[in-house]
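Computed from the coordinates by the stated procedures, all read-outs in this text should not be read as laboratory data. Keep in mind that this is a model prediction, so the values were computed, not measured. Every residue, glycine among them, receives a Cβ derived from its backbone with ideal geometry; neighbour counts consider all protein chains shown.
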Amino acid sequence: MPLTDEELAALPLSPAGRLAAEAMLADQRLLRAHDLAPSLNLIHDCQPDPAAGPVPTDVTSFHVDSAPVEVDTWLCTYLGACSEGLANEDARRKVEVPEIRAQLLMEYGGADDEGFAEFLHEHSYDSHYAPRPGAQPYAFGRFALWRIATRWPGSPVPPCVHRAPVNRPGNLACC
């Protein structure tokens, strides 16, 4: 859910929450000063969907952000558990795992062709990753504003594989 500066400033917060809110507002001003258009999202009780099928597509699954035009994602955790990332060499697209691909082909009901590739993209299945054996996720930490690479046509760098933390019921996370 998008959160405006005014809504954020008006939230009833603990002292730690107020400190986090002030940092968010400062980061918003910093990004706007660089002619960027930041958006702040308030996530309530983000939990993985237990009925998601072979490729969960929520933000708690390792994924890459993508866009049809050149764009970057700015990521920061201000309160609570922080987001995690995976080195690209430690990640494998879930649609490339044979068992998962077979399940998705059954869901699609067609051949493994351009139509199937479009189906994978339309459902964001092609944006989700699994850690390779032995992979060690790294933490982004709190109060660190990260500019992470996004997948877009012609991007000169690979996108950043990352995930949001699973939130405990009743907690909020601002990402």
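For the chain, what does the convex hull of the Cα positions come to per residue, in cubic angstrom? Mind dumping the intermediate values first?
Details: hull volume 23.2 nm³, N = 175.
Per-residue hull volume (Cα only) is 133 Å³.
Mind pulling the angle between the C-alpha long axis of helix 98-108 and the longest principal axis of the chain? Nearest 10 degrees, somewhere in 0 to 90.
Around 90 degrees separate the two axes.
In which sequence would VAL69, VAL59, VAL161 go, from the one with the fewest C-beta neighbours within 10 Å to the one with the most? Don't skip to the end; give the middle numbers.
Details: VAL69 8, VAL59 20, VAL161 26.
Least to most surrounded, the residues fall as VAL69, VAL59, VAL161.
Mind giving me the nanometre distance, one decimal, between the label points for GLU107 and ASP5, set 7 Å out from Cα along Cα→Cβ?
4.1 nm
Only helical DSSP H runs with n ≥ 4 go in: add -39500 (n - 2.57) per run for the chain, normalise by residue count and round the 222 nm mean residue ellipticity to 500 deg cm²/dmol.
Value at 222 nm, helices only: -8000 deg cm²/dmol.
Take the chain, connect every pair of alpha-carbon atoms lying under 10 Å apart with a spring to form a Gaussian network, then pick out the residue of ALA130, ALA37, ALA20 with the largest mean-square fluctuation.
ALA37
I need PHE62, PHE116 ordered by Cβ neighbour count within 10 Å, fewest first.
In increasing order of surrounding Cβ atoms, one gets PHE116, PHE62.
In the chain, if the dipole is taken from +1 on Lys/Arg beta carbons and -1 on Asp/Glu beta carbons about the Cα centre, which of ALA16, PRO2, LEU86 is farthest to the positive end?
Result: ALA16, furthest along the dipole toward the positive end.
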